[in-house]
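What follows is a set of notes on a single structure, which appears directly below.
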Amino acid sequence: MKKIFAGVLLAILLGQGASAKANAKVEEAVQSSFEGVSSIDAKSLVLNKAAYKKVQAQAKAPVRTKVYRYYEIKSGGRTIGYGILISRKVRTKMATVLYAFTPSGTLRFTEIMAFGEPPEFLPNQTWMGQFKSKNVSAPLTMGKDIPTISGATLSARNITDGARIARALLLSVIQK
């Protein structure tokens, strides 16, 4: 039963990925941060067991799913960036964050796309701006190069861990 469900889910995701375009909110975030964007192609990624373990080891964070949505951002025929959506549970509700990278792996920006927790747990734009232009070698560790948020520690940890997961996905799976 589990294999049938996984097969159906995979078929749906791959079918959508073949002709899918970015949703309006993703498109708006990308257009405002990358210049000369001509297309934003939505794609699905399903990790096999080896890739799953590799991403988890590189991210140094728990990876809770093997299925991801990512976007290839192009200008003309040239790839100018990638956007990766990471959805994770904060306390009891889900948060979805878009992490955008340059082709070299520099984190261009982070944008909260959906946040189910109460608004007081939502990080402000100043805190979110810390991720901008973090290069591929930045540790992205909360409490070291990313400060904590008093009263929203779980949100901060979730977003910081998500950034490492997104970077690991980009570097070890997507760009291959």
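Derivation of every value follows stated rules applied to the coordinates shown; laboratory data play no part. Only a predicted model underlies this, so the values are computations on that prediction, with no experimental measurement involved. When we count neighbours, we look across all protein chains shown, and the Cβ atoms used for this are built from the backbone with ideal geometry, even at glycine.
Charge dipole of the chain (Cα centre as origin; +1 on each Lys and Arg Cβ, -1 on each Asp and Glu Cβ, all else neutral): 860 debye, rounded to the nearest 20. Dividing the summed helix terms, -39500 (n - 2.57) for each DSSP H run of n ≥ 4, by the number of residues in the chain produces a 222 nm estimate of -10500 deg cm²/dmol to the nearest 500.
With the Cα gyration tensor of segment 50-176 giving a ≥ b ≥ c as the square roots of its eigenvalues, does the rule (a/c under 1.5 for rounded; else a/b larger than b/c for prolate; else oblate) give rounded, prolate or oblate? Prolate is the answer for segment 50-176, as a/c is 1.5 or above and a/b outweighs b/c.
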